[in-house]
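Engineer: My structure is below; once you've seen it, I'll send some questions.
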Protein chains: 4
Amino acid sequence: MEIGLIGLGKMGFNMALNMNDKGNTVFATDVNKDTVKEISAEGVKGVDSIEELANSFTGRKAVILLVPAGEIVDQVIEQLKPHLTEGDIIVDAGNSMYKHTLRRYEELKASGIHLVDVGTSGGTDGARYGLCAMMGGDDDAVNYLAPLYEKICVEKGFMITGRAGSGHFLKMVHNGIEYGMMQAIGEGFEILDKSDFDYDYEAVSRVWNNGSVIRSWLIELMENAFSKQPKLEDIRGVMNSSGEGIWTVEAALDYQASAPVIALSQFMRFRSLEDDTFHGKVVAALRNEFGGHAVVKK
Amino acid sequence: MEIGLIGLGKMGFNMALNMNDKGNTVFATDVNKDTVKEISAEGVKGVDSIEELANSFTGRKAVILLVPAGEIVDQVIEQLKPHLTEGDIIVDAGNSMYKHTLRRYEELKASGIHLVDVGTSGGTDGARYGLCAMMGGDDDAVNYLAPLYEKICVEKGFMITGRAGSGHFLKMVHNGIEYGMMQAIGEGFEILDKSDFDYDYEAVSRVWNNGSVIRSWLIELMENAFSKQPKLEDIRGVMNSSGEGIWTVEAALDYQASAPVIALSQFMRFRSLEDDTFHGKVVAALRNEFGGHAVVKK
Amino acid sequence: MEIGLIGLGKMGFNMALNMNDKGNTVFATDVNKDTVKEISAEGVKGVDSIEELANSFTGRKAVILLVPAGEIVDQVIEQLKPHLTEGDIIVDAGNSMYKHTLRRYEELKASGIHLVDVGTSGGTDGARYGLCAMMGGDDDAVNYLAPLYEKICVEKGFMITGRAGSGHFLKMVHNGIEYGMMQAIGEGFEILDKSDFDYDYEAVSRVWNNGSVIRSWLIELMENAFSKQPKLEDIRGVMNSSGEGIWTVEAALDYQASAPVIALSQFMRFRSLEDDTFHGKVVAALRNEFGGHAVVKK
Amino acid sequence: MEIGLIGLGKMGFNMALNMNDKGNTVFATDVNKDTVKEISAEGVKGVDSIEELANSFTGRKAVILLVPAGEIVDQVIEQLKPHLTEGDIIVDAGNSMYKHTLRRYEELKASGIHLVDVGTSGGTDGARYGLCAMMGGDDDAVNYLAPLYEKICVEKGFMITGRAGSGHFLKMVHNGIEYGMMQAIGEGFEILDKSDFDYDYEAVSRVWNNGSVIRSWLIELMENAFSKQPKLEDIRGVMNSSGEGIWTVEAALDYQASAPVIALSQFMRFRSLEDDTFHGKVVAALRNEFGGHAVVKK
């Protein structure tokens, strides 16, 4: 089938190749023209503009956006919309906040255009060789896209999740769980590292990944990471985050759900970005005030 | 090889069959004589007492204990010790607290007996068809046992972890991570459940387990669980715990390691055991005192 | 001075009396006409409608709103606005979310009307005999109101906090701290309660409130509460919350501030509202799946 | 009355002066002979050794220990014990772990010597001018000491808490609450500090301490601290801790009490001692492995 793709970053580039491999006609564009050239060399039909991309279709237009979450999604939709007609489909396959998705869905609906939200997981390798995808949206649009996604996903790795927004919401919660799992794994290795025992962490990851209760892709990835550096010597423990952990905690607050572990995982990430904290200063000052405990000076 | 096994609970029974399958001569006993009969019917050499078990060996004695952690381990060792001689091996394959293991190791060392600590994971199915095992102890004893464990573990699922105590410590931390992962997964489903969307949780588990970052055995088990009951309707959210989460938090406190997520997972388990909390009463009383907010009466 | 007051709930009623005591002319109204009658009997000028209230002023109009946070604030402003002219002042003295305050401030500014936001603390007794108030807004409006607030607050209990929104924001953070303090106190008593010792909690609160590091109004209130019921026997530990804890956590997320303790305090409140949890069901189901651990049936 | 005091650190020195002021005969010693000289100049009877201290009494001997928790307490008891006879009293007024107190109590009981445990709060100023003290132990010994403590404590600041160990346990839990309160206050100021508003923190502390729900000695101390440095510019946020937070969490684990906020407060203190964390490295490595997210290099 004919499919458009806007955004050729790490994920988009690989996904374009993946769709192309599966026999689809992929029209792809990006603000970076070098990337467009590069992908064209691989058989994908690289085009220079969103307009050109839209005009390349011979039939029903379905265009996947893989651009950074936030205002850029609105801008791209704004540029794309004039070239679409009733029944056409925009797929937001990025990590958009589900409330934004719901707003955009309603706005596009007024023009008869379907917005389909797809949460994807699996990293860059997944994009290339087999995604996990969660798709929400109108039945008609979702059914049109399903055969494509069945092919580019791993077996059983594609799910139609329900009405608009449900794909992004489910992916968001997935990432919240991911944050909690990663923090739990990190804490475990931290305890090992501070203990009196002396472990080979690559071997630990390997044994944990074979037959244990916590066997998982994340533990498998730790084996890879430790095989490169036994103690992660060169890495600083700076834990950046995209918005999805934050949004999961906000959703928990909205729905009054207890999510202490996911929230803590997010807060420890914030903490890791700072060299020093104001709450620490306050506590240190208090200890000095009441107990005369020395503070550490800058 | 000849191997003894004391304790034929869910794990021990399956492990006896597993060892027997792999061509070992397994002498097994339990306080429950019916279980001993049952296992004898499967080809394992069931015996009626610890003494008889010890006397069954024709050569070097190596006896695995799979009994509940705590004083029972000490009692069984006390009963077994008179029947062992220098160079013999006791394997504590249960979930003993590593500090207890270190004490017992020193006590047995004085008699020339090796205590080997093995942390095992993988559940009852793992015990039957392929364990994950982490073994700590003296080189001589560990090397004697390694060929046996290589056979009863899944491929790459056996690790020699270092000196005495290191096997139980590593298994303990594994369980701490497990607690964190499970709580994270639980929170994710709780947010889904309280959300405005309507998901099929079995399908969610399936898609998350195919290609996503959080794919793992635990998510696979959730697919099983939801296939039996779509909303876990009949289960109360009572989260019991063995000691290992507690010990992991204590280890974190001992070593001054930050382990907020593992600690929280343990505290949420405690919380789940209670119908009401005293801290809740205090907060409710305070709100009433300063703001006149109504309390909920019993 | 002349001052209007809309909303005669627990806080508003007491504040009307407080302002009246201090020699102000207070025009007060409420949807509940009985309350209006009641307050009129105390010397306050009760009026039947917002229109009447606005028309009662002989000079510059300044009207305090003490109505529930949310849409009601918008509705009352909508009703009040036609009766105000440039330079008049609306004081939102309730617990409005600071982002809503900023929006309303901008909307009213377009009509030349000042919105002043006042966060107040101290409970109902404080409203009656001496508030703690944090006031944000335009200098001109804030300076007009300052003499009034100086009189109805306790000594040093009034602060001009800066531009619009800063009063509500500061009060919100105050409440976040309050949540953390209350949870910490609750946890302390819970540990005492589960311990092997047997304490008289009223005496404990009294001693902690005299000379200790944690002496505070909250501990004083616990002494009151325990004096009524030694073990809070009749109270269920249901910890309701207004929105301010939630908003504080959201602000922490917005600003990437580490606020684990405030967040946890909020989540424990959510947890206390539930008899059972879905995360608990998930964890219990997982334990059953991998270890055959019995679940508790409903 | 005659009273001995071993340990003239910040707390002990002030407490010696306090007891001396109230008309007691105070025999005091310390390993630091300069301090002994210094206190002698203030009217306290400084002596050069524990033996001399014990021999100075004309009647029943009661000796307060104010030495660092841990082995030093055992050593000092060992030195003191030969000079005491049945019915004499050792008062451990330091921050000993309550389980150690229970062990020492039993050991001394065998010799007919009473061990009384006193938890004290109030900082160095409290030690000098009015303590808060919680006293556990045998009735006979506690009653002997009560008149002394009534005088050196603030009014209502002395409590007889029950059997041996109950004083130290209650003080420990007090400190757990203190940790939670301090962290909550710290987080509040951190959110203010990261916000878009611009507050005078000294003024904020002042207003919060006058009439608000969170008014407390800790907030009063923050006013002092901010009066010295408006943004605590020179202080690093290193939050040291004595053992009492750790022990409170351990007690919570022992008694299966939910204490997430106290636990988190302790973990954030550990975190503040580290420039980098191993759990952070693990999470950063994982993000790099699955998503190609750049790590921060050392």
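The values are calculated or read from the model by the stated rules, or taken from the named source; none is laboratory data. Note that the coordinates shown come from a computational prediction; the quantities given were computed from them, not determined experimentally. Methodologically, a virtual Cβ is constructed for each residue, glycine included, from the backbone with ideal geometry; neighbour enumeration extends over all protein chains shown.
Engineer: Which ones in the range B:220-245 are of a type outside the set (Gly, Ala, Ser) and in contact (Cβ under 8 Å) with a residue 12 or more places away in the chain?
Structural biologist: First, the residues of the range B:220-245 that are of a type outside the set (Gly, Ala, Ser): B:220-224, B:226, B:228-236, B:238-240, B:244.
Residues satisfying the conditions are B:Glu220, B:Met222, B:Glu223, B:Phe226, B:Pro230, B:Lys231, B:Val238, B:Met239, B:Asn240, B:Glu244.
Engineer: On the basis of being under 24 Å from the mean Cα position of the chain (by Cα) and either under 30 Å from C:Met239 (Cβ atoms) or without any contact (Cβ under 8 Å) to a residue 40 or more places away in the chain (or both), does A:Pro260 make the cut?
Structural biologist: Taking the combined requirement at face value, the residue satisfies it.
Engineer: Give the residues of the range D:161-177 that are assigned to a helix (DSSP H, G or I) and either hydrophobic (A, V, I, L, M, F, W, C) or within 7 Å of chain C (Cβ to nearest Cβ) (or both), sorted by residue number.
Structural biologist: Listed by number, the residues that qualify are D:Ser166, D:Phe169, D:Leu170, D:Met172, D:Val173, D:His174, D:Gly176, D:Ile177.
Engineer: Let me ask something else. Which residues, counting only those in the range D:33-51, are in contact (Cβ under 8 Å) with a residue 24 or more places away in the chain and closer than 28 Å to D:Arg103 by Cβ?
Structural biologist: D:Ile50, D:Glu51
Engineer: Just to verify a result, which residue in the range A:225-237, among those that are surrounded by 19 or more Cβ atoms within 10 Å (Cβ to Cβ) and facing chain D (nearest Cβ under 7 Å), is nearest to B:Cys153 (Cα to Cα)?
Structural biologist: Within the range A:225-237, the match that is nearest to B:Cys153 (Cα to Cα) is A:Ala225.
Engineer: Given (1) at the interface with chain B (Cβ under 7 Å from one of its Cβ atoms); (2) modelled with pLDDT of 95 or more, identify the lone condition not met by C:Phe267.
Structural biologist: Tallying (1) at the interface with chain B (Cβ under 7 Å from one of its Cβ atoms); (2) modelled with pLDDT of 95 or more, C:Phe267 fails exactly one: (1).
Engineer: Further question: Out of all the residues in the range D:20-46, which are hydrophobic (A, V, I, L, M, F, W, C) and either surrounded by fewer than 21 Cβ atoms within 10 Å (Cβ to Cβ) or not assigned by the TED database to the domain that holds D:Lys99 (or both)?
Structural biologist: Result: D:Val31, D:Val36, D:Ala41.
Engineer: For the range B:270-283, how many residues are at the interface with chain C (Cβ under 7 Å from one of its Cβ atoms) and farther than 27 Å from D:Met268 by Cα?
Structural biologist: Of the residues in the range B:270-283, 1 are at the interface with chain C (Cβ under 7 Å from one of its Cβ atoms) and farther than 27 Å from D:Met268 by Cα.
Engineer: Let me ask you something else. Restrict the check to the range A:145-157 and report whether at least one residue is among the acidic types (Asp, Glu), assigned to a loop (DSSP other than H, G, I, E, B) and farther than 30 Å from A:Lys231 by Cβ.
Structural biologist: no
Here is a yes/no grid of residues against (1) in a helix (DSSP H, G or I); (2) surrounded by fewer than 24 Cβ atoms within 10 Å (Cβ to Cβ); (3) more than 7 Å from chain C (Cβ to nearest Cβ); (4) not aliphatic (A, V, I, L, M):
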residue	(1), (2), (3), (4)
D:Met159	no, no, no, no
D:Tyr179	yes, no, yes, yes
D:Gln183	yes, no, no, yes
D:Leu192	yes, yes, no, no
D:Ser212	no, no, no, yes
D:Glu220	yes, yes, yes, yes
D:Glu223	yes, yes, yes, yes
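Engineer: Right, here's the next one. Being away from chain C (no Cβ under 11 Å) and not polar (S, T, N, Q): is that true of B:Ile262 here?
Structural biologist: Yes, satisfied.
Engineer: Being of a type in the set (Gly, Ala, Ser), crowded, with 24+ Cβ neighbours inside 10 Å and more than 7 Å from chain D (Cβ to nearest Cβ): is that true of A:Ala252 here?
Structural biologist: Details: of a type in the set (Gly, Ala, Ser): yes; crowded, with 24+ Cβ neighbours inside 10 Å: yes; more than 7 Å from chain D (Cβ to nearest Cβ): yes.
Here the answer is yes, as A:Ala252 does meet what is asked.
Engineer: Something else now. Take A:Pro82 and tell me if it is outside any helix (DSSP H, G or I) and not hydrophobic (A, V, I, L, M, F, W, C).
Structural biologist: Working: outside any helix (DSSP H, G or I): no; not hydrophobic (A, V, I, L, M, F, W, C): yes.
Judged against the criteria, A:Pro82 is not a match.
Engineer: Would you tally the residues in the range A:34-54 being over 24 Å from the mean Cα position of the chain (by Cα), closer than 10 Å to A:Gly4 by Cα and in a helix (DSSP H, G or I)?
Structural biologist: 2
Engineer: How many residues are under 21 Å from the mean Cα position of the chain (by Cα) and on the phi > 0 side of the Ramachandran plot when one looks only at the range A:1-33?
Structural biologist: The qualifying residues number 1.
Engineer: Among (1) within 19 Å of D:Gly136 (Cβ to Cβ); (2) among the acidic types (Asp, Glu); (3) out of contact with any helix residue (DSSP H, G or I) (no Cβ under 8 Å at 6 or more places or on another chain), there is one condition D:Glu52 misses while meeting the rest; what is its number?
Structural biologist: All conditions are met except number (1).
Engineer: Another question about this same structure. B:Met134 - would you say it is at the interface with chain A (Cβ under 7 Å from one of its Cβ atoms), part of a helix (DSSP H, G or I) and either of a type outside the set (Lys, Arg) or farther than 21 Å from A:Lys171 by Cβ (or both)?
Structural biologist: no
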